[in-house]
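These notes concern the structure reproduced below.
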Amino acid sequence: MIVKGEATYFDGLTSKATETFVSFDSSAQTFSILLEENTLSWNTSLCTIQITKGKLEVHLNSDTQYFESLDPKFAEIVTKTSPTIKSKNVFHRLMHAGFKVHLSILGFIIALSVVMIFFVLPYVAENSVVLIPKSFDDQIGEYAYNDMILTETIDERKSKLVQSFADKMELQNQKKMRFTVVESPIVNAFALPNGDVVIYTGILDQMKDYSELAALIGHEVSHVTYRHSMKALSRNLSTYVFISAILGDINGVITILWQNAAQLQTLSYSRKLEEEADNMGLSIIQKNQINPRGFVDLFETLNTNSSLDLPEFLSSHPVTSSRIKSMKKQAKGSKFVINKELQGLFLQIKSQN
Amino acid sequence: MELTQTEKRNYDLKFIGTGKEFFSIFIVNWLLTIVTLGIYYPWAKANRLEYIYGNTEFEKSRFKFHGTGLEMFKGLLIALAGLLVIFGMIMGLVYLFNSIFFVFLIYLVIFALIPFAIHGTLKYRMSRTTWRGIRFGYRGNRVELIQKFIGWAFLTVITFGIYGAWMTIKLRTYAVGNIKMGNAKFNFKGDGGTYLGLMLGGYLLSIITLGIYSFWWRRDLYAYHLENAWLEHDGNKINIKYTGKGSDFFVTDLLNILTIIFTLGFGTPWAEVRLLNLMINKIELYGNINFDNLEQTEQDYKDATGEDIGDMLNMDFGI
Ligand SMILES: [Zn+2]
């Protein structure tokens, strides 16, 4: 089939527009551009053909010559019969799929990302912690410890007392535990992956019985034993890297929005870790025949004050009432004896000098 | 062709792209970038530029971006290899002399790369852009620009940044003054003092008005850059006027922020198109150049290394 249409030709030498006619032979796939002095013949294989907003443009490859046509019939025949348009590259083929397909692609990528962020990555990240050498826990913990301790005042006397208090307990620990008491009104304590536990005087001041301190120690030791810091770090890091990689250069704003959304996942995760630490902490307390009521008291103090947690840079959340309730239930009927030694140490810790 | 048109008139310039189409580009680019683990990035960039240029119409003819992803990918490899060698050498020095003093050289290298990237980007972008088949071109000299740039930067440092206003103007004068559109030539003439006033005044007013004036400030800066530029050809000229208002910038930004937030970021293409409309469609061109008479004078130039270095330095030229 041969179609003929009005066109404007540019010779690539000047910007002069030449109004002319172009005929297109669909079987030979050739354009014939009628000029005053001669007729140009371009095979579609030598051209880049595009149609945007009703304007057909045919550019001669590696050249600046081209013609354009606003003739809808001409454009329609060319686009329908010319294989070069369809066989272009993946990008053009996908572009031709249309807006609905593009919306579906977006939906698909979002769905896949959500599955990755909330299910696949956390699982992989948590389980791949096994592959991280334990010496890394020590390095990262020591680094964090040295970094934070620079700006703090250590209470050497109380640190020593808490250390001997903990040493008297059976902690089921795999790492050597080192306790540091820091002077601060903050009602909090945290454990680092290398076995360093930092306890603020604020929380010690709130305690009324040695069983509370024992509960705190049991809880923090469990964080270290289960490598909770590393698990949280691994999850946060992998989520962060994944989101950055997926959204990367696309848009800074989207990336920030998604990073924040992923924080929700982190929050629920740290809740799970806290529960795990509570449970193992309780079993330590029970093994040491200490009153598990200490846990309940500790939580109630924290509930009215602040939080007992992993280091702040990893996560932070309050003690929930459900945590207290479940602890009350588990503590019921536990056997315990009064440990004079621990009680004595606790009194020394509570005394001002 | 001796036709010279002398009667002055207005010229047509408009952006005809739509958010919906731009969204499609964005999604397909995104998909291909993810699937190729990021390697598609230069092609994605070429697709985006091709769309923006191809949807900008001047005197009823559209611009065309001829650059390809492959060119930019090659440029990226060269740029990466070059940077790797340079940083390797610096790290070697650090190791050899056991002194981190040499890390300071990295900053110097990054700094020296700025004029390099400006030159490369202009040269590549201009030569790969055509209008009615006529190539744009950048005739600046790389060594000259680097020398000038270092001099200006030195003056800026010793004047505690005050000379920065003059530096911006001189850089603009040099860059724009070397841009050709076939045998038509762009020019820029600005004044460092005026520009400094614009910067300081805008800054102070923005602080006093708690940021509200910043929209008017941005408009003033954009208008200053445009209105001090002109195109000349055969003794004829076109002058530029920007009719956008500060309130237009305010409304556009507000709508864009809302668009982005309420679409969780995926409405960004619509926001970008809205901004392009503001930047392009409010430009008024007035003069007497005859656009049938441009001649092809500029060479093809396919080395995109500078463009890629510019990308790495996160520079955006907005052209
Ligand atoms: Zn905890």
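For this structure, a couple of remarks:
- Taking every residue in segment B:135-149 that is under 17 Å from residue B:303 (Cα atoms) and pairing it with any residue that is of a type in the set (Asp, Glu), at least 6 positions away or on another chain, the pairs with Cβ-Cβ distances below 7 Å are B:135/B:298; B:136/B:298; B:137/B:298.
- Between A:90, A:78, the distinction of being within 12 Å of another protein chain (Cβ to nearest Cβ) and either in contact with a Phe, Trp or Tyr (Cβ under 7 Å, 6 or more places away or on another chain) or of a type in the set (Val, Ile, Thr) (or both) belongs to A:90 only.
- Looking at segment A:150-254, the helices (runs of 4 or more DSSP H) lying wholly inside it that each contain 2 or more residues that are at negative phi, within 14 Å of another protein chain (Cβ to nearest Cβ) and surrounded by 19 or more Cβ atoms within 10 Å (Cβ to Cβ) sit at A:228-247.
- Scope segment A:54-100; condition modelled with pLDDT of 85 or more, charged (D, E, K, R) and assigned to a loop (DSSP other than H, G, I, E, B); matching residues: A:71
- Residue within segment A:162-178 that is touching a residue at least 60 places away in the same chain (Cβ under 8 Å), away from the ligand (no atom under 16 Å from the Cβ) and touching a Ser or Thr at 6+ places or on another chain (Cβ under 9 Å) present: yes
- Any hit, segment B:30-53, residues being among the polar types (S, T, N, Q) and closer than 23 Å to residue B:279 by Cα: yes
- Residue A:98 passes every criterion in (1) of a type in the set (Gly, Ala, Ser); (2) at positive phi; (3) open to solvent by 40 Å² or more (accessible area, probe 1.4 Å) apart from (3).
- Being assigned to a strand (DSSP E or B) and over 48 Å from the mean Cα position of the chain (by Cα) is true of residue A:22.
The values are calculated or read from the model by the stated rules, or taken from the named source; none is laboratory data. In this text, all values refer to a predicted model and were calculated from it rather than measured experimentally. Note that each Cβ is placed from the backbone with ideal geometry, even for glycine, and that neighbours are counted across all protein chains shown. When the accessible area is computed, the model is the full protein with side chains, heavy atoms only, and any ligands, DNA or RNA have been set aside. Shrake-Rupley method; radii C 1.70, N 1.55, O 1.52, S 1.80 Å.
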